[in-house]
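Chemist: Okay, here's the structure, questions in a sec.
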Amino acid sequence: MTDKSNEFLYRMSRHLRQELADVQKYVNDLYSIEELEDYVGVKDSPIEYIQSALAPLIGQVNDFQDYAETVTGKMELDLLDVDVHAMLDGVMAIADQLAEANPAVRLEEDIEENLPTVEGDPTRLSQALLNLLHNAFKFTEKGTVTLRVTREPNNILFEVRDTGIGIAEENQELIFEPFETVLEDKDDPRLGFGIGLKIVEHIIDLHDGETWFESKAGTGSSFFFTVPL
Ligand code: ADP
């Protein structure tokens with residue numbers, strides 16, 4: 001895309017994000033209106049319907065905004081000394097929910113003890129891991145998804161491994177290309193916008209780390225990234 005359309009995407013997604021945040025706020029306000037008590041917490045009531053429709057929409061617009069920040073160079077990190085174990089606790093709490101929604105897939109962790117702190121943005125690093133974990137669950141029908149974290153001489157190495165559909169060799173060069181998916185069926189519910197991995201790669205680039213993957217069709221995939229010590 002040209003610089004101009006990237007800039008347009010940035011402004012459009014920022015605008016949509018602000019508008020949706022307002023809508024979310026108004027919906028939240030409905031919960032304190034006494035007259036609406038009978039609708040709150042009731043499955044399929046209009047309030048609950050709007051609430052559950054809003055969540056994925058906000059997630060999608062956030063992805064568009066992050067992608068736009070990626071391609072316009074506007075993404076900025078909030079650098080801190082990151083306690084990796086504390087960060088992984090937060091990530092695993094969400095990954096547990098993904099596992100609950102996919103009973104045929106077991107979530108495993110293989111996390112080295114006493115990992116040192118790293119300089120980084122814990123929100124962005126968690127986002128990168130969760131993106132990979134989401135994909136791992138999305139593309140694995142049964143088996144395991146494993147989060148492995150180890151210390152290397154100059155880095156912390158993060159790996160998300162799955163026993164899912166894998167990626168055929170001829171498609172592997174497309175994986176980090178934006179808007180690409182290698183799913184054949186364009187009605188496949190797993191079809192996304194093909195920007196998640198580009199965002200992960202950019203977040204890790206900003207941390208001076210590296211991102212790569214290994215995969216075999218029918219066997220599974222491993223996505224890796226490093227964060228320098
Ligand atoms: P999307 O939002 O479409 O999932 P991504 O950038 O996260 O976008 O991924 C791009 C494509 O890479 C996916 O559509 C899928 O074809 C492939 N892919 C990503 N992760 C995996 C995985 N763990 N196993 C198999 N294919 C994957």
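Chemist: Quick one: order 202, 134, 85 from most to least accessible surface, probe 1.4 Å. Mind dumping the intermediate values first?
Modeler: On the way: 202 35, 134 95, 85 60 Å².
Result of the area sort, largest leading: 134, 85, 202.
Chemist: For helix 3-30, what angle does its Cα long axis make with the longest principal axis of the chain, in degrees from 0 to 90 and rounded to 10?
Modeler: Helix 3-30 sits at roughly 50 degrees to that axis.
Chemist: Send over a whole-number figure in Å² for the accessible area per residue of the stretch 1-105, probe 1.4 Å.
Modeler: Details: 6940 Å² over 105 residues.
Value for the stretch 1-105: 66 Å² per residue.
Chemist: Which residue, 20, 174, 36, tops the fluctuation ranking in a GNM of the chain built on C-alpha contacts under 10 Å?
Modeler: Fluctuation is largest for 36.
Chemist: Rounded to the nearest 20 Debye, what is the dipole magnitude of the stretch 1-85 about its Cα centre when Lys and Arg each give +1 and Asp and Glu each give -1 at the C-beta? Intermediate values should be presented prior to the final figure.
Modeler: On the way: 7 positive and 18 negative charges, 102 e Å.
Approximately 500 debye in magnitude.
Chemist: Hey, another quick one. For the chain, what % of the accessible area comes from carbon and sulfur atoms, probe 1.4 Å? Present the calculation step by step, with values, prior to reporting the outcome.
Modeler: Details: 6630 of 13350 Å².
So the carbon and sulfur contribution to the accessible surface is 50 percent.
Chemist: Calculate how steeply helix 46-72 sits against the longest principal axis of the alpha-carbon atoms of the chain, using the helix alpha-carbon long axis, and give the answer as 0 to 90 degrees to the nearest 10.
Modeler: 40 degrees
Chemist: A further question on this structure: Among the listed pairs 25/74; 25/198; 138/198; 74/198; 43/186; 4/198, give every one whose C-alpha distance is greater than 21 Å.
Modeler: On the way: 25/74 26 Å; 25/198 30 Å; 138/198 17 Å; 74/198 14 Å; 43/186 31 Å; 4/198 19 Å.
Violating the 21 Å Cα-Cα cut-off are 25/74; 25/198; 43/186.
Chemist: Per-residue accessible area for residue 74 at 1.4 Å probe radius, Å² rounded to 10?
Modeler: 70 Å²
Chemist: To continue, here is another question. Net charge near residue 151, counting Lys/Arg +1 and Asp/Glu -1 over other residues with Cβ under 12 Å of its Cβ?
Modeler: Working: positive: 148; negative: 112, 113, 152.
Computed value for this residue: -2.
Chemist: With axes computed from alpha carbons, what is the tilt in degrees of helix 196-206 against the longest principal axis of the chain, rounded to the nearest 10 within 0 to 90?
Modeler: Between helix and principal axis, roughly 60 degrees.
Chemist: Could you sort 190, 161 by accessible area so the largest value comes first, with the probe set to 1.4 Å?
Modeler: Details: 190 65, 161 90 Å².
I get 161, 190, largest accessible area first.
The values are calculated or read from the model by the stated rules, or taken from the named source; none is laboratory data. Source: prediction; values computed, not measured. Every residue, glycine among them, receives a Cβ derived from its backbone with ideal geometry; neighbour counts consider all protein chains shown. Accessible surface is based on the protein model in full, side chains and every heavy atom, while ligands, DNA and RNA are left aside. Shrake-Rupley method; radii C 1.70, N 1.55, O 1.52, S 1.80 Å.
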